[in-house]
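Following: one structure in structure tokens, then a few remarks.
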Amino acid sequence: MADSNTSQQFIVQGDPVRSGQLNEHLRREPGVTRIAQVAPDVVILSMTKTQADRLKSTFATLVVEPDSALKPFDAG
């Protein structure tokens, strides 16, 4: 498991993404990098666990989960 100071990718979903509130907040959050916009309310961000926890506490409706590779259903 990565420590709280190592950047990793997180899936971030919720109304703050759709409304632009998250973009506004990230302008004041150095070190967070947008990797991809997956849907109107879903982005993938590269950040530390500490930064992810701070996002969760700033935006109560935001879902922030570590990103991981999906495995095919038939994979062992």
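The values are calculated or read from the model by the stated rules, or taken from the named source; none is laboratory data. Here the structure is a predicted model, which means the values were calculated and not measured. Quick reminder, even Gly has a Cβ in these numbers, built from the backbone with ideal geometry, and neighbours come from all protein chains shown. All accessible areas refer to the heavy atoms of the entire protein, side chains included, with ligands and DNA or RNA removed. Shrake-Rupley method; radii C 1.70, N 1.55, O 1.52, S 1.80 Å.
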Legend entry - Condition broken by Gly76, with the remaining ones in (1) loosely packed, with under 14 Cβ neighbours inside 10 Å; (2) modelled with pLDDT of 95 or more satisfied: (2)
Inset, instruction - Just one of (1) touching a strand residue (DSSP E or B) at 6+ places or on another chain (Cβ under 6 Å); (2) modelled with pLDDT under 95; (3) of a type outside the set (D, E, K, R) trips up Ala36, so point out which. - result: (2)
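Among the residues of region 59-68, count how many are in a loop (DSSP other than H, G, I, E, B) and open to solvent by less than 90 Å² (accessible area, probe 1.4 Å). Walk me through how you get there before you give the answer.
So in region 59-68, the residues in a loop (DSSP other than H, G, I, E, B) come out as 59-62, 67-68.
Then keep just the ones that are open to solvent by less than 90 Å² (accessible area, probe 1.4 Å); that gives 59, 62, 67-68.
Count: 4.
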